[in-house]
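The values are calculated or read from the model by the stated rules, or taken from the named source; none is laboratory data. Keep in mind that what you see is a predicted model, and the values were worked out from it rather than measured. Here Cβ is always computed from backbone atoms with ideal geometry, including for glycine, and neighbour counts include all displayed protein chains.
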Amino acid sequence: MHYVYILKSEIDSELYIGCINNLKRRLSAHNSKKVASTSKRVPFHLIYYEVYLDSKDACAKEQFLKTGWDRNHIKRNLAHYFNRQKV
């Protein structure tokens, strides 16, 4: 299985989008400051993920999610999560 995932930083509320084959291990690595690009923004919460059988499909979706248009799409689709956080 391959995963596309979205994390939200507790520090700055920014989103991180990634693609991996072991989601549990990767989330642990992010929160243990073992990922250089996110080490200053821990802790993270997993707010969304999708499962794929093929790594190429998962990585293609990751790239699509990282485009400017789709970042807005993410926020619209996860509005219930973001609105709940503001309460």
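A single member of S39, S9 is surrounded by 11 or more Cβ atoms within 10 Å (Cβ to Cβ) and more than 12 Å from the chain's Cα centre (by Cα), and it is S39.
Based on this model, can you work out whether D70 counts as in contact with a helix residue (DSSP H, G or I) (Cβ under 9 Å, 6 or more places away or on another chain) and charged (D, E, K, R)? So D70 fits the description; yes.
Report, by residue number, each residue of segment 16-37 that is closer than 15 Å to K61 by Cβ and aliphatic (A, V, I, L, M). I17, I20, L23 - these are the residues of segment 16-37 that are closer than 15 Å to K61 by Cβ and aliphatic (A, V, I, L, M). Among the residues of segment 1-37, those identified as out of contact with any strand residue (DSSP E or B) (no Cβ under 8 Å at 6 or more places or on another chain) and among the hydrophobic types (A, V, I, L, M, F, W, C) are I11, A29, V35, A36. Among the residues of segment 23-33, none is identified as in contact (Cβ under 8 Å) with a residue 24 or more places away in the chain and among the hydroxyl-bearing types (S, T, Y). List pairs: first residue in segment 34-49 and more than 16 Å from K24 (Cα to Cα), second residue surrounded by fewer than 15 Cβ atoms within 10 Å (Cβ to Cβ) anywhere in the structure, Cβ distance under 8 angstrom, at least six positions apart or on different chains. Matching pairs, first to second residue: S39/K33; K40/I11; R41/I11; R41/D12; R41/E14.
Scanning segment 37-87 for residues that are at pLDDT below 95, among the aliphatic types (A, V, I, L, M) and in a loop (DSSP other than H, G, I, E, B) returns L78, V87.
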